[in-house]
Amino acid sequence: MAEFTLDFNPNPTQRQFICSQAKADFFSTRVGEGKSTALAWSIFYFTKHNPGARVALIRDTWENLRRTTLDDFFRWFPAGVCGSWHETNKEFRWAEGLASGTVMCLGMDDPKDAAKLQSLRLGMFAMDEVAPANDSGGIPEMVFDLAMTRLRQEGMQWYAAKIASNNSDDTHWVHRKFVEPGTEGFVLWQPLRAENEHNLPTGYYATLRTQLGHRQDLVSRFIDGNFGFQQVGTAVTPQFNEKIHCATGLSILRGTELVLLWDFGLNPTCVVTQVTPLGHWNILKSFVGDGIGVQELIEEVVKPWLAAKVPLGTRWRHIGDPNGMMREQSSSRTSAVAVLRKELGGAFRGGPVSLHERIEPLRAVLTRTMQGRGIVQVDRVGAREVYMALRGGWHFREANGVISADPVKDMHSHPGDAVSYGAARIFPMGRILRPARTVDPPSATFFGGQRLAGRVQVPPEMRAIMRQGA
């Protein structure tokens, strides 16, 4: 082997990531923190301590791997000096005396590479840029799960699964596996501050902040070092502000009516809300079904939650998609709203059909504040689907400067639609509209776990008393 000196002084978080022997490690950083470098040295460290190890270096495409990740690897460990590179096999073999083992480079866009992963016995795998910088690319969760099953090469002192990437969107699979809720044995390595500025051009982050100033979602992830939302297209509700509209642990107020908001179809959605005596609109809980009917959603999740969480005596009513009142072709006696009334009781009112008539009231109420807090308060945990929709997940498609007329139909549109129906009826143009007090049909209520709903015959002498009490 030609004379060669390895000279590398890792930053603190880099060093911890490289030396960790956790079940899986995720180096999640702002740009410029040396992610590919950390992966390269992780591979060297592992093969140095586990002679003969087979390592898979993985990226979304072979071209991206060759152009960036592999280029950085060879900057530290030049082929011909630190080992030999076989172009056809896309394989690097360490030079004797430096380390021991092979590094196989796999781009997941190549079917042959993907097939290789299914038949390998590995000591380690390393994945670069699993989370895309834009709305495409990255490495699918299935590839990671499959790679974990291949860590079974004999003779290893330990196995290693190393991931390096820019901070992901908080809906990405790495966030779920390593952050919230996380996985036992999986460790997140995330610098609290920039640790690599001494190796970057002067004013590097300030320049990036100026260039990305129109995309605060990217500034948060790539410069400030946070997990966060990645905006796609144009948000339906740009008025939503996490600082004033988010809350955690909102509770149901006793003696105050609930308003359940609905969107139907094969992704039926129920959003539980409450207008407080002070005028706040609390978004307490959201349920979104996937490939089921409204009856299954109610029976399996909504009704049990109401029975377990709602104080006795609480009444509710419903607002939702007016198409839910249409009779089904299979039975002229059945509709989504009919099922809703049968299972839960309570009056139903359809929201407006016009997109404009329901989006504008929602936008208007999002602009209103009270003592520095938004009138709208979304429980970030309990109503996570609503939070994700309003912060920008519910969006218009944008291409070449042209914005679509209707929002994209996806996982975010269902809670977005449900909340917009409610806003149109409760806050027309942002002003709260108190519902008229009615006796027939009443809101539903639970007493001792038994649902009481339907029409109630009120004696004439009681009506006068009830009017006085109202």
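Bear in mind that the values in this text are calculations on the coordinates, not laboratory data. For clarity, every value in this text was computed on a predicted model and none was experimentally measured. Cβ atoms come from the backbone with ideal geometry, glycine included; neighbour counts cover every protein chain shown.
Once the Cα gyration tensor of region 242-451 is diagonalised, what are the square roots of 5 times its eigenvalues, in whole Å and ordered largest first, as equivalent ellipsoid semi-axes?
Values: eigenvalues 126, 97, 51 Å².
Listed largest to smallest, the semi-axes of region 242-451 are 25, 22, 16 Å.
With r defined as the distance between the Cβ atoms of residue 357 and residue 109 and R0 fixed at 45 Å, what FRET efficiency is calculated, to the nearest 0.05?
0.50
Checking a compactness column here: for region 226-279, what do you get for Rg(Cα) / (2.2 N^0.38 Å), N being the number of residues? Mind showing how you got there, number by number?
Values: Rg = 15.1 Å, N = 54, 2.2 N^0.38 = 10.0 Å.
So the Cα radius of gyration is 1.50 times the expected 2.2 N^0.38 Å.
If you fit an axis through the alpha-carbon atoms of helix 460-469 and take the longest principal axis of the Cα set of the chain, what angle between them do you get, 0 to 90°, nearest 10?
50
With both partners inside region 12-221, how many of the DSSP beta bridges are antiparallel, as a percent to the nearest 5? Provide the component values of the computation, followed by the final result.
Details: 7 of 34 bridges.
DSSP beta bridges in region 12-221 are roughly 20 percent antiparallel.
What is the Cα convex hull volume of the chain when expressed per residue in Å³? Each step should come with its number before you reach the end.
On the way: hull volume 89.2 nm³, N = 470.
Cα-based convex hull of the chain, divided per residue, equals 190 Å³.
What would the Debye formula give as log10 I(q)/I(0) at q = 0.09, 0.15 Å⁻¹ for the alpha-carbon point model of region 12-221, no solvent?
Results for region 12-221 at q = 0.09, 0.15 Å⁻¹ read -0.34, -0.95.
If you rank 82, 270, 19 by fewest surrounding Cβ atoms within 10 Å, what's the result?
Values: 82 21, 270 26, 19 14.
Ranked by crowding around the Cβ, least crowded first: 19, 82, 270.
Which of 362, 98 has the fewest other C-beta atoms within 10 Å, and how do the rest follow up to the most? Provide the component values of the computation, followed by the final result.
Details: 362 23, 98 16.
Listing 362, 98 from fewest to most nearby Cβ atoms yields 98, 362.
Measure nothing but the geometry: give the 0 to 90° angle between the long axis through the Cα atoms of 35-49 and the longest principal axis through the Cα atoms of the chain, rounded to 10°.
The helix 35-49 is inclined about 60 degrees to the chain.
Quick one: order 33, 184, 197, 360 by neighbouring beta-carbon count within 10 Å, fewest to most. It would help to have the intermediate numbers written out before the result.
On the way: 33 24, 184 5, 197 14, 360 17.
Arranged by neighbour count, lowest to highest, 33, 184, 197, 360 become 184, 197, 360, 33.
Tally the DSSP beta bridges in region 1-111 and give the antiparallel ones as a percent, rounded to 5. Kindly include the intermediate steps, with their values, before the conclusion.
Numbers: 7 of 15 bridges.
Around 45 percent antiparallel, to the nearest 5.
How big is the charge dipole of region 1-76 about its Cα centre, in debye rounded to the nearest 20, if each Lys and Arg gets +1 on its Cβ and each Asp and Glu gets -1 on its Cβ? Present the calculation step by step, with values, prior to reporting the outcome.
Working: 10 positive and 8 negative charges, 42 e Å.
For region 1-76, the charge dipole is close to 200 debye.
With Kirkwood's inverse mean 1/r over C-alpha pairs for Rh, give me the Rg to Rh ratio of region 177-312, two decimals please.
Details: Rg = 21.0 Å, Rh = 19.3 Å.
Ratio of gyration radius to Kirkwood radius for region 177-312: 1.09.
Could you tell me which residue out of 41, 148, 339 lies farthest along the dipole of the chain toward its positive end? Charges go on the beta carbon: Lys and Arg +1, Asp and Glu -1, centred on the Cα centre.
My answer, from the dipole projection, is 339.
Give the angle, between 0 and 90 degrees and rounded to the nearest 10, that separates the Cα long axis of helix 413-426 from the longest principal axis of the Cα atoms of the chain.
30
As a test, work out the antiparallel percent of DSSP beta bridges whose residues both lie in the chain, rounded to the nearest 5.
Values: 33 of 74 bridges.
Roughly 45 percent of the beta bridges in the chain run antiparallel, per DSSP.
Looking at the chain, which longest stretch skips every one of the chymotrypsin sites (Phe, Trp or Tyr not before Pro) that is in a DSSP loop with at most 14 other Cβ atoms within 10 Å, leaving the sites themselves out? List each step's numbers first, then the result.
Values: sites that count: 4, 8, 158.
Counting only loop sites that pass the neighbour cut-off, the longest clear stretch is 159-470.
From the gyration tensor of the Cα coordinates in region 1-76, what semi-axes in whole Å does the equivalent ellipsoid have, largest first, with each one equal to sqrt(5λ)?
Working: eigenvalues 65, 59, 45 Å².
The answer is 18, 17, 15 Å, longest axis first.
Label-point separation (nm) for residue 142 and residue 171, each offset 7 Å from Cα along Cα-to-Cβ?
Spacing of the two 7 Å Cα→Cβ label points: 2.0 nm.
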